[in-house]
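Here is the structure we will look at.
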Amino acid sequence: MAEIESPSVLRLTYYYIRLGRPLFLLGGFLLHGLGVVVALYNRAELDIATLLWSQIAITAVQLMTHYSNDYFDLAADEANTTPTRWSGGSRILAKGLLPPQVALITAITMAAIAVFATLWLALILETGPLTMPLILLAGVLGWSYSSPPLKLNMHGLGEITGAALITGLTPIVGYYVQAGVLDLLPFLAVFPLACFQFAMLLVINFPDAAGDMASGKHTLLYFVGSLAAVRLYLIVLTLAYLSLPLLVWIGLPILVALALLLISPMAIWQGWRMWRGAWADPAKWDSLGFWSIGLVMGSSGVEFLAFLLLVMR
């Protein structure tokens, strides 16, 4: 009987990296950078050491969330027969390519790195009294997304948590550690992005719905139902754009609002597809997830560029 060949170290390393979903780390860099450039627009002076240490903290929190999510979502991922490139986890643990304990140990290690970076920012670089509360709040939300004791994503709170953490706290941390104070402007800048992030998380739950239900995982989709989730998706997208005049009146630079409008055709197209029933067509789930993520990244990118242009001027 032929022996089964063990995976090479190179292949195991590849699985390990994939388990951390490195592509999604790009969002952390972009949103952290957005917070920094908003601080520069508000007359803060760029501190490179602070920039590097805050990025280490944010990336560590992201990786902690990714690895812990795959570990504690394993039952749902194994029950999911319709994953896409953007939903259903990394599939590394679900396919048995690595032991689950690898993900848990890595998540705990990343949490420790995030705490160390936070202490360095607060105590050595003296970035302000809110540094520790803000980053630790991000860490708690990231851990609690799928992990005990709260398991927010299993009780209908994952979407709002993800919006608050990824598109909310990430730029706000970047802003605060550079500016040393919290102002209204970063909150104005992140509101439309948080709407898009919430909508994106709602969309990528559709392919996972059957597996989630079979494993007892109850996302927001489970509580409101598919049709109500589609209506909520459309309402949130609309709110993001209808809020722009008010945000400008309060203090958001008009150039930033106009930049967001450049991406609106993508949102309109996505909304139209959802309204026409793409959410119920498995052949369209991958595309819906891709363009929903594209809307978040594209909107974050044009905001970053608009603020950067204002800083340069």
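The values are calculated or read from the model by the stated rules, or taken from the named source; none is laboratory data. Computed from a predicted model, the values in this text were never measured in an experiment. Cβ sites come from the backbone with ideal geometry, for glycine too, and all protein chains shown count toward neighbours. These area figures cover heavy atoms from the full protein model, side chains too; ligands, DNA and RNA do not enter into them. Shrake-Rupley method; radii C 1.70, N 1.55, O 1.52, S 1.80 Å.
Details
- Index of the failed condition, G211 passing every other in (1) within 19 Å of F72 (Cα to Cα); (2) in contact with a Phe, Trp or Tyr (Cβ under 7 Å, 6 or more places away or on another chain); (3) part of a helix (DSSP H, G or I); (4) open to solvent by less than 10 Å² (accessible area, probe 1.4 Å): (2)
- The set of residues from region 249-265 being free of Cβ contacts under 8 Å to residues at least 12 places away in the same chain and more than 25 Å from the chain's Cα centre (by Cα) comprises W249, I254.
Table: residues versus (1) touching a strand residue (DSSP E or B) at 6+ places or on another chain (Cβ under 6 Å); (2) polar (S, T, N, Q); (3) surrounded by fewer than 22 Cβ atoms within 10 Å (Cβ to Cβ); (4) farther than 23 Å from P7 by Cβ.
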{"position": "M64", "(1), (2), (3), (4)": "no, no, no, yes"}
{"position": "Y67", "(1), (2), (3), (4)": "no, no, no, no"}
{"position": "L74", "(1), (2), (3), (4)": "no, no, yes, no"}
{"position": "G89", "(1), (2), (3), (4)": "no, no, no, no"}
{"position": "A107", "(1), (2), (3), (4)": "no, no, no, no"}
{"position": "A122", "(1), (2), (3), (4)": "no, no, yes, yes"}
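- Of the criteria (1) among the aromatic types (F, W, Y); (2) surrounded by fewer than 23 Cβ atoms within 10 Å (Cβ to Cβ); (3) touching a Gly at 6+ places or on another chain (Cβ under 9 Å), which one F198 fails: (2)
- Of all residues in region 255-282, those satisfying the criterion of being in contact with a Leu (Cβ under 7 Å, 6 or more places away or on another chain), of a type outside the set (G, A, S) and open to solvent by less than 30 Å² (accessible area, probe 1.4 Å) are L260, I263, Q270, M274.
- Any hit, region 293-302, residues being surrounded by 14 or more Cβ atoms within 10 Å (Cβ to Cβ) and without any contact (Cβ under 8 Å) to a residue 24 or more places away in the chain: no
- Only residues that are of a type in the set (A, V, I, L, M, F, W, C), open to solvent by less than 70 Å² (accessible area, probe 1.4 Å) and not in a helix (DSSP H, G or I) were counted in region 29-47, giving 1.
- Among residues of region 79-103, those that are without any contact (Cβ under 8 Å) to a residue 40 or more places away in the chain and in a loop (DSSP other than H, G, I, E, B), counted: 6
- Hey, V177 farther than 19 Å from L232 by Cα, out of contact with any strand residue (DSSP E or B) (no Cβ under 7 Å at 6 or more places or on another chain), among the aliphatic types (A, V, I, L, M) and touching a residue at least 60 places away in the same chain (Cβ under 8 Å) or not: yes
- Annotation note: Cβ proximity below 6 Å between a residue of region 225-246 that is over 15 Å from A267 (Cα atoms) and a residue that is surrounded by 14 or more Cβ atoms within 10 Å (Cβ to Cβ) (sequence gap 6+ or interchain) occurs for A229/L202; A229/L221.
- Top-ranked residue of region 6-28 - restricted to ones that are within 19 Å of Q62 (Cα to Cα) and among the small types (G, A, S), ranked as surrounded by the most Cβ atoms within 10 Å (Cβ to Cβ): G20
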